[in-house]
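Down below is the structure, laid out as structure tokens.
The values are calculated or read from the model by the stated rules, or taken from the named source; none is laboratory data. Just so it is clear, the structure is predicted and the values come from calculations on it, not from any experiment. Cβ atoms come from the backbone with ideal geometry, glycine included; neighbour counts cover every protein chain shown. Keep in mind that these areas ignore ligands, DNA and RNA; they rest on the heavy atoms of the full protein, side chains included. Shrake-Rupley method; radii C 1.70, N 1.55, O 1.52, S 1.80 Å.
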Amino acid sequence: MLYSQQLFFLFLLSIPIACISWTVTREEIFKESRAFCIEKSKHSKSLFIRKFFYLFTCEYCFSHYVSLAFLLLTKFQLLYDDWRGYLISALSLVWIANVYMSLFAFIRVGMKKEKMDADMEELKLKSERAKITQEEKS
């Protein structure tokens with residue numbers, strides 16, 4: 001495969017890896033499962049059990065396992081046609097997926113800030129309308 005194709009597939013395959021990793025470790029749909037995993041990762045007696053459950057709460061950690069699953073499905077390799085290609089592609093997929101997740105988190109924080117600003121402005125307008133209505137009644 002050409003290097004340009006490999007780069008294209010690297011950036012393309014990182015998108016679903018980031019999506020799955022973010023969804024499992026951050027979104028509401030897995031809130032209860034994540035709470036269970038957090039509890040187990042903090043209070044289990046076995047080190048292995050604590051680390052196993054921690055991986056479901058950390059998007060960086062979880063993205064390694066999602067990347068490995070995608071490598072098994074796609075047999076994607078970077079630069080080399082042997083085990084080195086799999087190793088390089090696994091680490092590269094994790095890195096690009098985490099860049100995507102960081103960008104998403106940054107954008108999401110900006111969206112939340114804008115929504116909060118809009119909500120504050122709406123509350124301010126409602127309180128001003130209430131004052132005007134009170135003054136008109138008096």
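Values as computed for the structure displayed
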| read-out | value |
| --- | --- |
| Cross-link reach list, lysines versus LYS137, counting only Cα pairs under 24 Å and skipping chain neighbours closer than eight places | LYS124, LYS126 |
| Listed residue pairs exceeding 30 Å between alpha carbons, taken from LYS31/LYS51; LYS51/LYS113; LYS31/LYS113 | LYS51/LYS113 |
| Among 70-81, 39-50, 121-132, 6-17, the order from most to least packed when residues are scored by Cβ within 10 Å on average | 6-17, 70-81, 39-50, 121-132 |
| Gyration tensor verdict on region 45-112 (Cα atoms; rounded if a/c is under 1.5, prolate if a/b is larger than b/c, oblate otherwise) | oblate |
| Simple label model, 7 Å out from Cα along Cβ direction - ALA105 to LEU87, nm | 2.8 nm |
| Global geometry of the chain, whether rounded, prolate or oblate, following the gyration tensor of its Cα atoms and the 1.5 cut on a/c | oblate |
| Using alpha-carbon coordinates, inclination of helix 31-43 to the longest axis of the chain, degrees | 70 degrees |
| Under the Karplus curve 6.51 cos²θ - 1.76 cosθ + 1.60, θ = phi - 60°, whole-Hz ³J(HN,Hα) for region 124-132, x wherever Gly or Pro sits | 4, 5, 5, 5, 5, 5, 5, 5, 4 |
| Cα centroid of region 2-18 to Cα centroid of region 32-73, whole Å | 25 Å |
| Region 1-113, accessible surface, carbon-and-sulfur percent (1.4 angstrom probe) | 72 percent |
| The chain, dipole about Cα centre (Lys/Arg Cβ +1, Asp/Glu Cβ -1), debye to the nearest 20 | 520 debye |
